[in-house]
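The values are calculated or read from the model by the stated rules, or taken from the named source; none is laboratory data. None of the values given here were measured: they were computed from a predicted structure. Cβ: placed from backbone, ideal geometry, glycine included. Neighbour counts: every protein chain shown. Side chains are part of the model used for accessible areas, which takes the heavy atoms of the whole protein and leaves out ligands, DNA and RNA. Shrake-Rupley method; radii C 1.70, N 1.55, O 1.52, S 1.80 Å.
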Amino acid sequence: MFKKIEIVILGGGTAGWMCAAALARLAPNICSVRLVESDDISTVGVGEATLPQLKEFNDLIGINEADMMSKTAATFKLGIEFSNWGQRGNSYIHPFGAFGQSMGGVEFHQQWARANTGESLEAYSYAVQACRNHKFDFPVDSFGEVNSTYSYAYHFDAGLYAAYLRHIAEKSGVERIEGVVNSVSTHPDNGNIQSLMLASNQEIKGDYFIDCSGFRSLLLGQTLKVPFEDWSPWLVCDRAWAVASESGQALLPYTRSIAHEAGWQWRIPLQHRMGNGYVFSSQFISEDEAAACLLRNLEAPALSDPRLIRFKAGRYYSAWEKNCIAIGLSSGFLEPLESTSIYLIQVAITNLLKLFPKHKTDVTLSAEFNRLMDMEYSRIKDFLILHYHLNQRDDSELWRYCRSMPIPESLAQKIELFRWRGYVDSFSFGLFNLASWQAVYIGQGLSQAATDPFANNLPLSDARYQMDTLASKIRARVNLMPSHRDFIADYCPFRK
Ligand SMILES: Cc1cc2nc3c(=O)[nH]c(=O)nc-3n(C[C@H](O)[C@H](O)[C@H](O)COP(=O)(O)OP(=O)(O)OC[C@H]3O[C@@H](n4cnc5c(N)ncnc54)[C@H](O)[C@@H]3O)c2cc1C
């Protein structure tokens, strides 16, 4: 008879419970799942802005969207607004949607640069216009309609989302074990993890161990001693103060990222409060000054004292090592600028399901898992560094440092290609495609020296006409959308 693989998950934060719920719902005949967590060791308690891919994950495990949103005080997210990034006083939105559509066989920004109508690129993005007008509605599934050109994500209360997943996981057969792991034993021959020993002296054995222990990385980093690749020379922020405040006046359908002198501040609108934080570099500001800066820049009164979180940008060289797979902060962290951590948890879970192991460890599977995760991390790394590097701010050390720091060759090449004539690399797998790079390059003031010569195949007057028509269609359609606040009140009001 087939013996189920025994999976032990260490950690009950967002990573642990996402993993437990997914395994219990999607692989109930293949594995049994136990999850160990301790009420004495708190979760990181942040992680409230997501990416559109999370809807696929939720759908996959059978989550009802309106129910999940109402129980996690969630709001919709159509993108991120970056204020003061390229230079002080400017603002652009990185939307979950397209800027225009390709015209005359070339990408939209080529015609936009060529036509030089004086209209901002944002006028041609449905998602950006919805953000700017605080509107929300679901995209339609009808090719060619302006309101089919975007997707959406969520802002939610991270603690409530983990609790929601825990409920699903436990209902689907996951056994939760409360206790602090004091020591970990490994096999003397092959170095595999054998068991976790709890403070209560209970020993938890398993075939595979999923390390969701957060920044401690108790299994992958501390026990198996997988080395950490440090990316802090490029991503210099290493601290964050986080605090909840009362809600702001408007219920924005987007996250805000406001650059300050030594980092940036997030504002994440939930139904019952605003999530705030200041991500900063301790090289350029003291912890006390950063806390004061955050509190000074809240839109509404704080609900508690701010909490300090320390971190280092980078990731462990192999997230799957022997019979241990690290998922979440235990595998690496790339700072929250583009809300990519929960996405990386999701990708790790789906890759694990695709490469689900048998009882015996197999390095072919772990090598492929690690290759796929490397690719995701590297792309995100370049995209995040771009935000810091591409700035014209001269008012503080952090921005001067980031502008002149040596950047990875892969990113330098991308920037040069855009500068040359607006070339943007595209791929069909992973995060951050055309619209994302267009938003940041153009939003932070990088201009292209020339346009793609193929753009001239379309007469300039036609290009301008098509662009005007598109902008008017977007304006007219956005006017018909309900406000984000009304939409939420109707679809998923917060229920405790
Ligand atoms: C400042 C900041 C802002 C962020 N913002 C975002 C965002 O907007 N969007 C996004 O996608 N991500 C964001 N993230 C990342 C996000 O918070 C995490 O990816 C997510 O919360 C998952 O965390 P985790 O489950 O890996 O770890 P944790 O939440 O830290 O959970 C660790 C778990 O391990 C358990 N544990 C640890 N040691 C032991 C032990 N010895 N014995 C028993 N149990 C143990 C703890 O009890 C806990 O349950 C942010 C991170 C930071 C630092």
Against the conditions (1) surrounded by 17 or more Cβ atoms within 10 Å (Cβ to Cβ); (2) closer than 26 Å to Met274 by Cα; (3) of a type in the set (D, E, K, R), where does Glu56 fall short? Just the number, please.
(1)
Which one is least open to solvent (accessible area, probe 1.4 Å), of the residues in the stretch 164-187 that are away from the ligand (no atom under 16 Å from the Cβ) and without any contact (Cβ under 8 Å) to a residue 24 or more places away in the chain?
His187
Search result, residues across the stretch 350-366 that are open to solvent by less than 60 Å² (accessible area, probe 1.4 Å) and assigned to a helix (DSSP H, G or I)
Thr350, Asn351, Leu352, Leu353, Leu365, Ser366
Give the number of residues within the stretch 34-86 that are closer than 30 Å to Asn391 by Cα, more than 10 Å from the ligand (Cβ to nearest atom) and hydroxyl-bearing (Ser, Thr, Tyr).
1
Quick one: is Gln438 open to solvent by 60 Å² or more (accessible area, probe 1.4 Å) and in contact (Cβ under 8 Å) with a residue 40 or more places away in the chain?
no
Go over the candidates Glu246, Glu287, Glu261 one by one and state the one that is under 27 Å from Pro406 (Cβ atoms) and either within 9 Å of the ligand (Cβ to nearest atom) or not assigned by TED's automatic domain parsing to the domain that holds Leu365 (or both).
Glu261
Do you know which of the residues in the stretch 459-496 that are touching a helix residue (DSSP H, G or I) at 6+ places or on another chain (Cβ under 7 Å) and in a loop (DSSP other than H, G, I, E, B) is surrounded by the most Cβ atoms within 10 Å (Cβ to Cβ)?
Cys492
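Looking at the stretch 188-212 only, could you name the residues that are charged (D, E, K, R) and either open to solvent by less than 10 Å² (accessible area, probe 1.4 Å) or not in a strand (DSSP E or B) (or both)?
We begin by selecting, within the stretch 188-212, every residue charged (D, E, K, R); these are 189, 203, 205, 207, 211.
Within the stretch 188-212, Asp189, Asp207, Asp211 meet the criteria.
Per-residue answers, yes or no, for (1) in contact with a helix residue (DSSP H, G or I) (Cβ under 7 Å, 6 or more places away or on another chain); (2) closer than 27 Å to Leu60 by Cβ; (3) more than 11 Å from the ligand (Cβ to nearest atom):
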| residue | (1), (2), (3) |
| --- | --- |
| Leu303 | no, no, yes |
| Lys312 | no, no, no |
| Ala319 | yes, yes, yes |
| Ile327 | yes, yes, no |
| Pro336 | no, yes, no |
| Asn351 | yes, yes, yes |
| Ile385 | yes, no, yes |
Test: residue in the stretch 213-223 that is among the aromatic types (Phe, Trp, Tyr) and crowded, with 19+ Cβ neighbours inside 10 Å
no
Take Ile268 and decide whether it is touching a Cys at 6+ places or on another chain (Cβ under 6 Å), of a type in the set (A, V, I, L, M, F, W, C) and open to solvent by less than 30 Å² (accessible area, probe 1.4 Å).
no
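In the stretch 278-296, what count of residues is obtained for those that are closer than 16 Å to Ile268 by Cα and open to solvent by less than 50 Å² (accessible area, probe 1.4 Å)? Before the answer, list the steps.
Let us first name the residues in the stretch 278-296 that are closer than 16 Å to Ile268 by Cα, namely 278-279, 294-295.
From the residues that got through so far, the ones that are open to solvent by less than 50 Å² (accessible area, probe 1.4 Å) too are 278-279, 294.
Looking only at that region, the number is 3.
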